[in-house]
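Okay, so here's the structure we're looking at.
The values are calculated or read from the model by the stated rules, or taken from the named source; none is laboratory data. Quick caveat, the model's predicted, so the values are computed rather than measured. All Cβ positions, glycine included, derive from the backbone under ideal geometry; neighbour counts span all protein chains shown. For the accessible areas, the whole protein counts, side chains as well, though only heavy atoms, and no ligand, DNA or RNA atoms are used. Shrake-Rupley method; radii C 1.70, N 1.55, O 1.52, S 1.80 Å.
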2 protein chains.
Amino acid sequence: MSLRMLILAIVEAKPSTGYAITKEFDAVAGFFWRASHQQVYRELAALADEGLVRFKDVAQEGRPDKKVHAITVAGRRAFAEWYAQPQDIPRLNDPLMVKVFTGELGGVDNLIEQLSAARAQHLDKLAMLEAIQREHYPEAPADMPRWKQLVYLTLCWGLARERAWLQWAEQSEALLRG
Amino acid sequence: MSLRMLILAIVEAKPSTGYAITKEFDAVAGFFWRASHQQVYRELAALADEGLVRFKDVAQEGRPDKKVHAITVAGRRAFAEWYAQPQDIPRLNDPLMVKVFTGELGGVDNLIEQLSAARAQHLDKLAMLEAIQREHYPEAPADMPRWKQLVYLTLCWGLARERAWLQWAEQSEALLRG
DNA sequence: ATTTGGTATGCAACCAGGTGCATATAAGCC
DNA sequence: GGCTTATATGCACCTGGTTGCATACCAAAT
């Protein structure tokens, strides 16, 4: 559901092709959602089927034809309905926590290795997010236009999550080693 | 994969029925993984099929018969193999962040409502986890037996996550209101 | 007597997401 | 001529998880 609605919001802001939407995911929406191009195309087809978007075939020179999708009135209505619905808390199935939980069977030494490997990955991710913050969001949040504030908040959540995870991991490794 | 392995670890610690495993999920493993009884039974059947667990039918008086599942040698081997594999970082598809991102189309007032509703839910969850901590883990972590430390660490991650989320939400609401 | 709640197991259908593969055009490079 | 990269779209299959339903036994409460 969220993927459909995210796509609707993207084509509302600017009529787009599946390809462009996928690029959007790789860039900014990647802070909080991942989607492959197959998923995007599949969802666009379903949305067009239900009349929530409509598309025009656009011939191009020097590259393949494309389908530009735009939101419809029904699409706006569906989005507004969804937006008003209360949201379930996301489910929390975390493979690494399974390894922590089963650490005695797996071996505590192996667990410590897993933790520090994961820590390296999370450090990378944090560094990446911090670089984006420095480059694209250096000003005070209160001075940003609304749309930018909203994207910035999703970035902030990524930063907060990574920092909290790293703090937890450090304490955990210390406890297991000590 | 993680679900299979979690089940393997549970039946390794103590041969169990699907019903008991489901109860285990509702209780302790619920800090970091959710699974319905259907999922558990399906996975147990698959595990038995592949020879990673074996089961005995046990007749009971006063209640239905049950199947007690235990891990096999092949099961231990499969677990050890999986445990050594590096873990992917979990995917981060968060419906609430979609609402933040699409807040202009959805309406900022509606977004603020969504945020405070979510905040109430996260506060409840935090209170629940803190109650568990007070009741079951009052002693210093260093004094706990290993198995208890490991469960405690998964609880700590839940606590850290909820606290980080709440902090983020407060700042976000302030920014959007101010 | 009937309902509720706990124990115990399972099927069928569906939905969301991921993997692998396929196709087509064209620019630029070696 | 063949390689890679970028644009652009899509199918088929598989896995993992959810929903709804079904069955059966028994105890305790109403």
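Points worth noting:
- Signed unit charges on C-beta, dipole axis of region B:95-177, positive-most listed residue B:Ala174, B:Ala164, B:Pro141: B:Pro141
- Check: the protein assembly as shown dipole with +1 on Lys, Arg Cβ and -1 on Asp, Glu Cβ, in debye: 480 debye
- Most tightly packed first, judged by the mean number of other beta-carbon atoms within 10 Å of their residues, the peptides A:168-178, A:99-109 read A:99-109, A:168-178.
- Excluding same-chain neighbours fewer than eight residues apart, the lysines reachable from B:Lys148 by a Cα-Cα span under 20 Å are A:Lys99, B:Lys14, B:Lys23.
- Positive-pole candidate from B:Ala45, B:Phe25, B:Gly107, dipole of region B:1-131, charges at beta carbon: B:Ala45
- Shape call, region A:2-84: gyration tensor on alpha carbons, a/c limit 1.5: oblate
- Descending by average beta-carbon neighbour count within 10 Å, the peptides B:66-77, A:120-131 line up as B:66-77, A:120-131, the highest first.
- Separation of region A:28-57 from region B:1-47 is 35 Å, based on Cα centroids.
- Teacher prompt: B:Arg54 distances to equivalent labels in other copies, 7 Å Cα→Cβ, nm: 6.6
- Where rotation carries A onto B, the chain A residue whose Cβ is nearest that axis, in whole Å: A:Ala164, 2
- Ordering of A:47-53, A:84-90 by burial proxy (mean other Cβ atoms within 10 Å per residue, highest first): A:47-53, A:84-90
- The mean number of partner chain beta-carbon atoms within 10 angstrom of a residue's beta-carbon across peptide B:136-142 is 1.
- Accessible area (Å², per residue) of region A:1-118, counting only protein heavy atoms and a probe of 1.4 Å: 52 Å²
- If the segment from B:Asp49 to B:Lys23 were pulled out straight at 0.36 nm per residue, it would be longer than the present Cα-Cα gap by 7.1 nm.
- Student exercise, chain B dipole from Lys, Arg, Asp, Glu Cβ charges, in Debye to nearest 20: 540 debye
- Peptide A:160-173 shows a mean partner chain C-beta count of 4 within 10 Å per residue C-beta.
- Remark: mean inter-chain Cβ contacts per residue of A:7-13 equal 3, using a 10 Å Cβ-Cβ cutoff to other protein chain atoms.
- For region A:49-159: relative contact order, % (alpha-carbon pairs under 8 angstrom, 6 or more apart): 14 percent
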